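This is the structure I have questions about; it appears just below.
The values are calculated or read from the model by the stated rules, or taken from the named source; none is laboratory data. Quick caveat, the model's predicted, so the values are computed rather than measured. Here Cβ is always computed from backbone atoms with ideal geometry, including for glycine, and neighbour counts include all displayed protein chains.
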């Protein structure tokens, strides 16, 4: 995706998140057990400000977090979004920035990550409000699937394998095919790591298929999979989803 496209979608999703989340700050967020809509807005505002500090100072912010905005959670989200927006405008995507993902230490990493962070939490706000989830553009959803699998899952397994415990150590290398139209990814998990490749679904022991939005939501734990098609070893499918949950905690 082009950088301008990420920023365009970020603006749309943060506006939707703010409008939906602020409507009932006490609403429970079913996809984030224990959170209310107020907690959700505070969390996203804090995430934005944290990334701003990382880009500005090149170190992990400490002490952290800053004091909440006395005007409330929506104002805190507004502050974070405004500062993040300004930081992106002042920098080029290729500029250096500290990130937690060793292969990419650029501002562009945060542009992509914050676009994906925002759409996931926009969905959380909609779920809390009991509203129909607004469409996620195919390009953002497909990109989000790749980011989740490569940046969050495969990288986390390589960096912190102990976090995955028996789910990882007992993995036998059989592949799960994830299919969104013509796009196919094979996810092969072994105790030694994760391999993400593009390939034919016939080489997989199980498959997940559906629209980009529905696959994206299921992989992120924001949908029950009723709109998807599953085939093959369903225990392998559930293991993958459990591993992804660990990777995104």
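Among the listed residues 128, 115, identify the single one that is in contact with a strand residue (DSSP E or B) (Cβ under 7 Å, 6 or more places away or on another chain), modelled with pLDDT of 95 or more and within 26 Å of residue 31 (Cβ to Cβ).
On the way: 115 fails: in contact with a strand residue (DSSP E or B) (Cβ under 7 Å, 6 or more places away or on another chain).
Step by step, each of 128, 115 is checked, and only 128 is in contact with a strand residue (DSSP E or B) (Cβ under 7 Å, 6 or more places away or on another chain), modelled with pLDDT of 95 or more and within 26 Å of residue 31 (Cβ to Cβ).
Each row is one residue, and each column tells you yes or no for (1) touching a residue at least 24 places away in the same chain (Cβ under 8 Å); (2) in a helix (DSSP H, G or I); (3) more than 17 Å from the chain's Cα centre (by Cα).
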position	(1), (2), (3)
76	yes, yes, yes
79	yes, yes, yes
83	yes, yes, yes
88	yes, yes, yes
92	no, no, yes
99	yes, no, no
108	yes, yes, no
112	yes, yes, no
117	yes, yes, no
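Could you say which residue among 97, 31 is in contact with a helix residue (DSSP H, G or I) (Cβ under 6 Å, 6 or more places away or on another chain) and closer than 22 Å to residue 129 by Cα? Explain how you work it out, then say what you get.
On the way: 97 fails: closer than 22 Å to residue 129 by Cα.
The match here is 31.
Any idea which residue in region 12-30 is farthest from the chain's Cα centre (by Cα), counting only those that are without any contact (Cβ under 8 Å) to a residue 24 or more places away in the chain and part of a helix (DSSP H, G or I)?
Within region 12-30, the match that is farthest from the chain's Cα centre (by Cα) is 19.
Just checking, does region 42-65 include any residue being closer than 23 Å to residue 217 by Cβ, buried (at least 19 other Cβ atoms within 10 Å of the Cβ) and over 20 Å from the mean Cα position of the chain (by Cα)?
Taking every residue of region 42-65 in turn, none turns out to be closer than 23 Å to residue 217 by Cβ, buried (at least 19 other Cβ atoms within 10 Å of the Cβ) and over 20 Å from the mean Cα position of the chain (by Cα).
Can you tell me how many residues within region 152-190 are free of Cβ contacts under 8 Å to residues at least 24 places away in the same chain and closer than 21 Å to residue 232 by Cβ?
8
Moving to a separate point now. Are there helices (runs of 4 or more DSSP H) fully within region 164-249 with at least 1 residues that are farther than 20 Å from residue 146 by Cβ, at pLDDT 95 or above and over 17 Å from the mean Cα position of the chain (by Cα)? List them.
So the answer is 165-169, 234-247.
Within the group 22, 15, 27, which residue is at pLDDT 95 or above and touching a strand residue (DSSP E or B) at 6+ places or on another chain (Cβ under 9 Å)? Let's see the steps before the verdict.
Numbers: 22 fails: touching a strand residue (DSSP E or B) at 6+ places or on another chain (Cβ under 9 Å); 15 fails: touching a strand residue (DSSP E or B) at 6+ places or on another chain (Cβ under 9 Å).
Result of the check over 22, 15, 27: 27.
Please indicate, with yes or no, whether at least one residue in region 154-163 is outside the structural domain of residue 21 (by TED's automatic domain parsing), assigned to a strand (DSSP E or B), touching a strand residue (DSSP E or B) at 6+ places or on another chain (Cβ under 6 Å) and within 22 Å of residue 100 (Cα to Cα).
No: zero hits.
Specify which of the listed residues (41, 149, 127, 49) is in contact (Cβ under 8 Å) with a residue 24 or more places away in the chain and over 29 Å from residue 215 (Cβ atoms). Before you say what the answer is, go through the steps one by one.
Working: 41 fails: over 29 Å from residue 215 (Cβ atoms); 149 fails: over 29 Å from residue 215 (Cβ atoms); 127 fails: over 29 Å from residue 215 (Cβ atoms).
Criteria check complete, one pass: 49.
Residues being within 12 Å of residue 177 (Cα to Cα) and out of contact with any strand residue (DSSP E or B) (no Cβ under 7 Å at 6 or more places or on another chain): count how many of those fall in region 201-233.
Qualifying residue count, region 201-233: 1.
May I ask you to list the residues in region 31-57 that are assigned to a loop (DSSP other than H, G, I, E, B) and out of contact with any strand residue (DSSP E or B) (no Cβ under 8 Å at 6 or more places or on another chain)?
Correct list: 31, 32, 33, 34.
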